[in-house]
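Each remark here refers to the structure printed beneath this line.
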Amino acid sequence: MNKASLLLSWFFMNLSFVAFPSVGSWGSKVTGGNIVFTATDSPNPAKDVSGNYMTVVYLENLGFEKLGGNSHTEDVAWLLDQGYRVIELDYENHPNAVSPKINEDIIAINKVLASGTFGGMSHCSSYRSYVLFEGYRIKRDVSYFKDDPTVYNKPDSYVDGDSLHMDIIYPANAEEAVPIVLSFSYSNSSAMSAESRDQRTFLPYTFAGFNDSVLEGAPARGIAWAIADHPKYCPWGGGKPVGGPNDAYKSYQANPDAAQKVKSAVRTLRALGDDLGLSGKIGIYGFSRGSDAGSMAVGDRVVPSLENTGLYTEYSDDVQAAALGAGVFDFTQIYNSLNDGDSNLETRCPWVWGNLEDNYVLWESMGAAHLAETSSSAPVLFWYNTSDSPYYLDQIVRFKSRLDSLGVPTATLTDYGNGHAVPQNAGDLEVLYTFFDEYLKPPALDLVKKDSTTMTVLGHPFNSYSLPFTISPNPVKDTLRLTFNLKIAGLVKFAFCDLSGSEISSRENHFRIGEQIEIIDLNAFKLSNGVYYILVITNDKRGIKKFIKE
């Protein structure tokens with residue numbers, strides 16, 4: 001064989017190890033048109049146990065400045081090196097590519113990924129695929145607790161506990177530390193087999209199954225997120241106490257096991273925070289089974305059997321806020337109305353804990369409401385549909401009443417949809433994100449300059465927002481301090497806008513040439529707590545920044 005033939009043979013032998021990107025377009029609900037995407041397979045692809053490709057849909061050039069300090073090229077190269085198939089969606093700084101509008105595309109992307117495809121790319125994993133915002137990376141399969149297989153005794157062959165895992169999505173090389181929201185999966189992982197483990201993001205049951213975009217949309221608010229295996233580490237309909245009947249634990253998990261795992265997960269995030277650029281402020285997001293689990297982090301009661309178990313016991317397990325959907329928070333209340341949706345609990349709880357009347361203290365210790373002791377418990381936003389099973393409403397009303405009596409801040413979001421569902425409309429998502437904004441204090445994300453043909457605010461094209469200025473403090477309670485520099489003396493307008501870009505109020509002052517400091521008393525504008533834009537408009541330049549009023 002001659003030299004040319006040898007080279008040609010070597011080329012074709014190694015062709016499968018070369019990443020060749022493909023280009024296509026995808027119909028975006030956010031932009032109302034097609035978005036160009038580039039799809040690249042890793043030269044060393046990571047696959048799930050079924051042989052499907054772990055996939056990242058990477059949203060870039062969005063309508064706000066990214067937090068991560070690396071370039072798109074660096075972050076995509078890192079993802080490819082980790083073995084992910086990377087599909088880059090270029091939004092070209094479209095004005096609608098901001099929170100919470102962008103969530104509509106997140107929902108659509110997950111629906112497609114759940115079928116195992118995207119833009120002609122087949123064999124995408126249905127439980128190892130993620131939507132990531134530009135600048136964000138993923139730390140996958142982080143251990144947060146070693147399971148005790150004797151708690152639920154299922155399966156019988158499960159004698160050495162597995163490590164429970166979480167996935168952490170964080171901004172890489174960010175200048176400013178960010179808070180994080182933690183959720184426990186309601187698509188349960190299981191010790192049954194390799195195929196059933198680590199399925200906390202199994203799309204047909206989680207992000208796609210419920211159109212749940214709150215976590216994956218959090219980076220558009222300057223927030224990292226994590227999702228963990230559910231504390232009940234066995235098939236959801238299974239589990240039995242020692243010497244007890246099969247499937248006694250159907251539809252619920254038990255303490256101290258559940259609370260120990262939740263607290264260890266919170267501590268794990270706090271311990272890893274410095275390496276991942278996290279601020280130390282942690283929120284909980286929970287729905288259904290995940291709400292049961294996440295609620296265990298809300299209370300401030302110190303229970304010796306729940307403390308100092310698991311990993312990083314030297315760290316605090318406090319959380320700063322929780323947004324809880326329909327769940328069970330107090331098992332002593334399940335008999336208030338019989339056959340109202342919780343018949344599994346009504347039948348099976350006594351199999352494990354004995355009858356309620358004689359074992360009230362034990363039953364009480366199994367729920368999160370018991371752990372709320374003082375006003376130091378975390379603030380909670382409860383969200384639910386009144387058309388859901390009645391026992392969920394009863395659980396929320398009673399837990400909220402307990403927190404209110406302790407002086408813990410609470411809020412509610414109701415009837416955003418039908419039945420057992422999660423919020424997905426922009427206005428309802430805004431309520432959730434604003435709640436986390438208030439208590440987690442994420443960095444404000446400035447809008448990027450945009451083409452004048454696509455967006456204006458107060459009649460001014462975004463490509464004319466070129467006046468640099470600083471604001472402090474942010475968040476702000478009463479007084480906002482602005483610093484800017486003028487090259488031309490004249491009238492300057494300060495305008496406050498809501499998140500849609502509509503003006504709320506404004507004022508004007510005359511300034512001379514040079515550095516300027518403007519002190520604004522927000523009380524005079526009667527702004528309620530929330531997120532706003534402030535615009536500084538001169539005769540030749542304009543600037544815009546987001547701030548939080550608290």
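Below are the figures for this structure:
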{"item": "Index of the failed condition, Asn339 passing every other in (1) in a loop (DSSP other than H, G, I, E, B); (2) more than 30 Å from Asn211 (Cα to Cα)", "result": "(2)"}
{"item": "Failed item, numbered, when Gly354 is tested on (1) more than 28 Å from Asp212 (Cα to Cα); (2) free of Cβ contacts under 8 Å to residues at least 12 places away in the same chain; (3) open to solvent by 40 Å² or more (accessible area, probe 1.4 Å)", "result": "(3)"}
{"item": "Residues that are open to solvent by less than 10 Å² (accessible area, probe 1.4 Å) and in contact with a helix residue (DSSP H, G or I) (Cβ under 6 Å, 6 or more places away or on another chain), drawn from region 314-327", "result": "Ala321, Ala323, Leu324, Gly325, Ala326, Gly327"}
{"item": "Unmet requirement for Leu458, which otherwise passes all of (1) over 21 Å from Leu67 (Cα atoms); (2) touching a Leu at 6+ places or on another chain (Cβ under 8 Å); (3) surrounded by 15 or more Cβ atoms within 10 Å (Cβ to Cβ); (4) modelled with pLDDT of 85 or more", "result": "(4)"}
{"item": "Criterion: crowded, with 22+ Cβ neighbours inside 10 Å, in contact with a strand residue (DSSP E or B) (Cβ under 9 Å, 6 or more places away or on another chain) and outside any helix (DSSP H, G or I) - qualifying residue of Val422, Val408", "result": "Val422"}
{"item": "Members of region 497-550 found to be farther than 19 Å from Pro100 by Cβ, touching a residue at least 40 places away in the same chain (Cβ under 8 Å) and either hydroxyl-bearing (Ser, Thr, Tyr) or open to solvent by 30 Å² or more (accessible area, probe 1.4 Å) (or both), listed by number", "result": "Glu503, Ile519, Asp521, Asn523, Thr538, Asn539, Asp540, Lys541, Arg542, Lys545, Glu550"}
{"item": "Residue list for region 94-139, restricted to those being charged (D, E, K, R) and closer than 11 Å to Phe207 by Cβ", "result": "Lys111"}
{"item": "Search result, residues across region 27-63 that are touching a Ser or Thr at 6+ places or on another chain (Cβ under 8 Å), of a type in the set (Ser, Thr, Tyr) and over 19 Å from Ile109 (Cα atoms)", "result": "Ser50"}
{"item": "Residue list for region 330-351, filter: open to solvent by less than 10 Å² (accessible area, probe 1.4 Å) and closer than 16 Å to Asp388 by Cα", "result": "Ile334, Asp342"}
{"item": "Yes/no for Asp317 being assigned to a loop (DSSP other than H, G, I, E, B), touching a Lys or Arg at 6+ places or on another chain (Cβ under 8 Å) and acidic (Asp, Glu)", "result": "yes"}
{"item": "Filtered residue count, region 44-61, keeping only those that are open to solvent by less than 20 Å² (accessible area, probe 1.4 Å) and of a type in the set (Lys, Arg)", "result": "0"}
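Table: residues versus (1) in contact with an Asp or Glu (Cβ under 6 Å, 6 or more places away or on another chain); (2) modelled with pLDDT of 80 or more; (3) not in a strand (DSSP E or B).
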residue	(1), (2), (3)
Thr434	no, yes, yes
Thr453	no, no, yes
Leu467	no, no, yes
Asn474	no, no, yes
Arg481	no, yes, no
Leu491	yes, yes, no
Gly501	no, no, yes
Ser506	no, yes, no
Asn509	no, yes, no
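The values are calculated or read from the model by the stated rules, or taken from the named source; none is laboratory data. What you are looking at is a predicted structure, and each value in this text was computed from that prediction instead of being measured. Don't worry about glycine lacking a Cβ; one is built from the backbone with ideal geometry, like all the others, and counts go over all protein chains shown. With ligands, DNA and RNA removed, areas are computed over all heavy atoms of the protein, side chains included. Shrake-Rupley method; radii C 1.70, N 1.55, O 1.52, S 1.80 Å.
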